[in-house]
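The values are calculated or read from the model by the stated rules, or taken from the named source; none is laboratory data. None of the values given here were measured: they were computed from a predicted structure. Don't worry about glycine lacking a Cβ; one is built from the backbone with ideal geometry, like all the others, and counts go over all protein chains shown.
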Amino acid sequence: MHEMSIALSLIDVATQQAIEAGGETVTLVEVEVGDLSGVVPEALQSAFTIARAKEPLLKSAELAIIPVPVTIRCHICGCEQPTVAMNDLRCRICGEPSADVVHGRELDVVAIEIE
């Protein structure tokens, strides 16, 4: 379960940020998780709950997961659109297949709330 190693990395990043900011607790860690990232959001949530117990600064921190749908760029009509389905990388406008994935692979920390 690689979600545990990701959760531990999130804990490390949040702890470092809290220390640098002189904060006493981290209340929220917000991450974007793309549909093609290979991360199972429910597993990450569970792993984070377990991992946060080991770090005093994050004992009650919440993890907010923002899903990022797969978006492709069509080389025929030039548009960026969400795909028809995660496993069907075709343009919604002209139906042309595209391997140019613009969004959907993200695994990014976008916010950390520190008190």
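Brief remarks follow.
- When the stretch 1-33 is filtered for residues that are farther than 14 Å from Glu113 by Cβ and surrounded by 13 or more Cβ atoms within 10 Å (Cβ to Cβ), the ones remaining, listed by number, are Glu3, Met4, Ile6, Ala7, Leu8, Ser9, Ile11, Glu32, Val33.
- Hey, Asp88 surrounded by 12 or more Cβ atoms within 10 Å (Cβ to Cβ), farther than 24 Å from Ile114 by Cα and modelled with pLDDT under 95 or not: no
- From the list Leu58, Leu36, the one residue that fits, being within 15 Å of Ile112 (Cβ to Cβ) and of a type outside the set (Gly, Ala, Ser), is Leu58.
- Leading residue by the ranking (farthest from the chain's Cα centre (by Cα)) among those in the stretch 66-85 that are of a type in the set (A, V, I, L, M) and buried (at least 16 other Cβ atoms within 10 Å of the Cβ): Ile72
- Pairs, first closer than 25 Å to Glu96 by Cβ and touching a residue at least 40 places away in the same chain (Cβ under 8 Å) in the stretch 51-77, second in a loop (DSSP other than H, G, I, E, B) and β-branched (Val, Ile, Thr), C-beta under 9 Å, six or more apart: none
- Any hit, the stretch 86-105, residues being among the β-branched types (Val, Ile, Thr), out of contact with any Asp or Glu (no Cβ under 9 Å at 6 or more places or on another chain) and without any contact (Cβ under 8 Å) to a residue 40 or more places away in the chain: yes
- Note on the stretch 34-52: residues that are farther than 14 Å from Leu8 by Cβ, surrounded by 15 or more Cβ atoms within 10 Å (Cβ to Cβ) and among the charged types (D, E, K, R) amount to 1.
- Scanning the stretch 4-53 for residues that are out of contact with any helix residue (DSSP H, G or I) (no Cβ under 8 Å at 6 or more places or on another chain) and among the polar types (S, T, N, Q) turns up Ser5, Ser9, Gln16, Gln17, Thr27, Ser37, Gln45, Thr49.
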